[in-house]
Amino acid sequence: MAAELDWSSLGFHFRPTNKIVVSYYKEGQWSAPVTTSDFTVALNCFANVFHYGSACFEGLKAFRGKDGKVRLFRPDENAKRLKSSAERLGIGAVPEQMFTQMCLTAVKENIDFLPPYGYNASMYIRPVIIGTTPGIGVSSSAEAMFIVMVAPVGTYSGKKSLTPLTATVARNYDRAAPNGTGRFKVAANYAISLFPYNMAHSQGYGELLFLDPATHTYIDEFGSSNFLAIQGNKYVTPLSDSILPSITNKSLQQVALDLGLTVEKRKIALEEVADFDEINACGTAVVITPIKSIDDKARLEDAAPVKTYNMPSGEEVGKTSKKIYDRIRGIQDGIEEDIHNWCVFLD
Ligand SMILES: *Cc1c(COP(=O)(O)O)cnc(C)c1O
């Protein structure tokens, strides 16, 4: 099956693979994980997830290095974040070690779907926890299911990586409440952001930028990726309680420090975009996506923006952003020294 795949044009899609890895939470215990080729989950239609949205997930990647070794990038960080998401939803939290082990098993069971080195492709790992207890009263799910699935992926857009995108601001839509679940990777955040996302896409924008939900003054993040800017020798990224703490952003900040940049984590007013040299969206799926322009609209539905910010980097990825990107991709591919011990190897 996998042999028929064209590694150079994978895009970012679901496709059937060999196995998924599953564990069940009941009476405070996770069952021993099992692998199965049956991707169909049978649930009672009263299951909590269908009614009250008890679902949280993760996204990480495995890479085939130039040295032939298989590396998972910082799974311990994803394990911690998933734990905090599950706790926020009041459903079973997966222990860190079990999380990493199940991710490793999922990669191993689907190893023929792991793209070879040299195609800028990888294996995307998608762990998800869902609340399965049947009920009708409003309560957290006592039982849960943890599933780890994988997909071989190339670039998110199917285009060459680092192709700059246009973005617009959503002033009249929020993806999270000020004291809500923005900093947790819960499925509900996506349910909420998809409507404005679809609107932005239908208007031809590649990305949608959300402002802080309390005042709509400061930059929060793009719908599924963090915001980072380069200004001279500075790496600038927003500080806010409603942003998802991106592991890519955290890693890029460390790489920026390693390369001699300074890192500023602070509130960033939208108007400051005019002062930045380079802007990117960042996340596991793409590492970075350069942003070439940002439209500011009073309402997303409006045809004309109030203002357009054009980035000086234009149709190119910014020079400093590219340097940071190359270092991180090099670590993932085993061609740059992993000085922070980020990678976990498949034996
Ligand atoms: C997952 C996610 C990100 C990116 O996080 P990474 O750990 O870098 O993949 C950013 N924003 C949102 C809303 C997300 O769900």
Amide H contacts under 5 Å for Lys267, restricted to residues at least 5 apart in sequence or on another chain and with H modeled in the peptide plane, are Leu239
The stretch 86-118 and the stretch 127-167 have their Cα centres apart by a whole-number Å value of 12
For the chain (alpha-carbon point model, no solvent) the Debye-based log₁₀ I(q)/I(0) at q = 0.13, 0.15 Å⁻¹ works out to -1.06, -1.36
Ordering 85-98, 274-287 by per-residue average of other C-beta atoms within 10 angstrom, highest first, gives 274-287, 85-98
The simple spin-label model distance between Glu27 and Arg266, using points 7 Å out along Cα→Cβ, in nm, is 5.6
Rounded to one decimal in nm, the spacing of the 7 Å Cα→Cβ label points at Met199 and Asp326 is 4.1
In this structure, the FRET efficiency calculated for Ser8 and Leu346 from their beta-carbon separation, with R0 = 22 Å, to the nearest 0.05, is 0.40
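Order of 120-126, 35-41 by packing, highest average Cβ count within 10 Å first? Don't skip to the answer; put the middle values down first.
On the way: 120-126: 21.4, 35-41: 11.0.
The packing order, highest mean first, is 120-126, 35-41.
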Taking alpha-carbon centroids only, the stretch 177-243 lies from the stretch 261-288 a number of Å equal to 12
Two pseudo-spin positions, 7 Å from Cα along C-beta at Asp38 and at Ile335, lie apart in nanometres by 4.4
Given pairs Lys234/Lys322; Lys69/Lys160; Lys66/Lys108; Lys19/Lys160 and cut-off 20 Å on Cα-Cα distance, the over-length ones are Lys69/Lys160; Lys19/Lys160
If every Lys and Arg gets +1 and every Asp and Glu gets -1 at its Cβ, then about the Cα centre the chain yields a dipole, in debye to the nearest 20, of 180
In terms of the charge dipole of the chain, which places +1 on Lys and Arg and -1 on Asp and Glu at the beta carbon, the residue among Tyr24, Val263, Ala167 farthest towards the positive end is Tyr24
In terms of the charge dipole of the chain, which places +1 on Lys and Arg and -1 on Asp and Glu at the beta carbon, the residue among Phe222, Pro134, Gly330 farthest towards the positive end is Pro134
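Can you give the charge dipole size of the stretch 269-326 about its Cα centre, rounded to the nearest 20 debye, using +1 on the beta carbon of Lys and Arg and -1 on the beta carbon of Asp and Glu? It would help to have the intermediate numbers written out before the result.
Working: 7 positive and 12 negative charges, 35 e Å.
Here the stretch 269-326 has a charge dipole of around 160 debye.
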Highest GNM mean-square fluctuation among Val70, Val153, Val49, for the chain with Cα springs under 10 Å, belongs to Val49
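Laboratory data are not the source of any read-out in this text; all were calculated from the coordinates shown. In this text, all values refer to a predicted model and were calculated from it rather than measured experimentally. Cβ: placed from backbone, ideal geometry, glycine included. Neighbour counts: every protein chain shown.
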